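Structure first, then comments.
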Amino acid sequence: MPDVQVALSLPILKKGSEPATGPTAVEHLQLMLNQRGGYPHLVEDGVFGAATEASVKHYQHNENLTVDGVVGKNTWKSLLSRWLLQSAPG
């Protein structure tokens, strides 16, 4: 089966990003970090505060990404790849 490339439009998230109406990208980020484990459990409130920033930095460090606490293209790609692998049946 050929590799499939998917282009997603994901926001750049950083400390101070706040929730909008409905589930937000920050809530999805917090969910993925919680499901990944190995980090302090985050409240999935959609607010990118100090705890979320610390978990992002910890994740970036463990994945050999630039540790800046900002969820940009490379961090999203890594998180989504890991989340999809973890969520796959089997």
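Values quoted throughout were computed directly from the atomic coordinates according to the rules given, and no laboratory measurement underlies them. Note that the coordinates shown come from a computational prediction; the quantities given were computed from them, not determined experimentally.
Structure notes:
- Spatially proximal aspartates and glutamates relative to Lys14 (Cα-Cα < 12 Å; intrachain offsets below 8 disregarded): Glu53, Asp68
- Once backbone amide H atoms are built at 1.01 Å from N, Glu63 has no partners under 5 Å, excluding neighbours fewer than 5 places away on the same chain.
- Ellipsoid fit via the Cα gyration tensor, the range 25-84: semi-axes of 15, 12, 11 Å, each the root of five times an eigenvalue, largest first.
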